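Asks: If you scroll down you'll find the structure; I have some questions about it.
Every number in this text was worked out from the coordinates using simple rules, so none of it is lab data. Keep in mind that this is a model prediction, so the values were computed, not measured. Counting neighbours? That spans all protein chains shown, and the Cβs are built from the backbone with ideal geometry, glycine included.
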Amino acid sequence: MSFTRPPEVWRRERGHAFYPPARQIAAIPALYATDGIPAEDKIIHVHYFAAWGDWYIAEYDPTDGEAFGWTCINDDEQNAEWGYIDLPALESYRSASGLPRLVERDMHFTRQSFAECMETWHRRHCPTGYLRSHGTEYHLCENFADRTGTVWEYAGRDDEGTAMLRRAGAGSMPRLLAFGEVTHRFGPLEPAESSEVE
């Protein structure tokens, strides 16, 4: 299969090649080649990122630049998905705001399983810090339930650094949930090694 590298619209501004070297491209499986392999076991060969998204490439068709991988926009893991990615369109896109404005290739990325990528992604995108409720410490990436069974998710911190929660999956406005109301969490409990919110 021949490889014709599409012209790069933003090569000079980006400061590095958008596409990996030919040897690395040749090692990426063709489209559909990883069908049947569980997502967590798929090998990710290239990682692209911008201020507003991440793209992890598992398959690639060098004839037209179409790839298959996992995309997450605006850190919204709930709506992230596996699908087809038009790399020439991604390369040519320039955001009006946010830094970096261009989609860049992660020059330090090494080939690894998707499960390993997700461990790194969660460390980078989930807020640092823990909260304590009834003597139990919870990682702020988890979802929480109050005494009524309503599920809440972490929604950032306010201007004073107070952790805010919002109704999970409802797109509701963040509000302060008295952490004494938290009764249990969803997701693995990680050891507290960062700041706590009482």
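Asks: Once you order the gyration tensor axes a ≥ b ≥ c over the Cα atoms, which shape class does the range 11-125 get: rounded for a/c under 1.5, otherwise prolate or oblate by comparing a/b with b/c? Don't skip to the answer; put the middle values down first.
Replies: Numbers: a/c = 1.60, a/b = 1.15, b/c = 1.40.
Because a/c hits 1.5 or more and a/b fails to exceed b/c, the range 11-125 counts as oblate.
Asks: Give me the net charge for the shell around Val103: Cβ to Cβ below 14 angstrom, other residues only, Lys and Arg +1, Asp and Glu -1. Walk me through the numbers on the way to the answer.
Replies: On the way: positive: Arg11, Arg14, Arg94, Arg101, Arg105; negative: Glu8, Glu13, Asp54, Asp86, Glu91, Glu104, Asp106.
In short, -2.
Asks: If you take every residue apart from Cys72 with its C-beta less than 12 Å away from the C-beta of Cys72, what net charge results, scoring Lys and Arg +1 and Asp and Glu -1?
Replies: Numbers: positive: Arg124; negative: Asp54, Asp75, Asp76, Glu77, Glu81.
Spelling it out: positives minus negatives among the neighbours equals -4.
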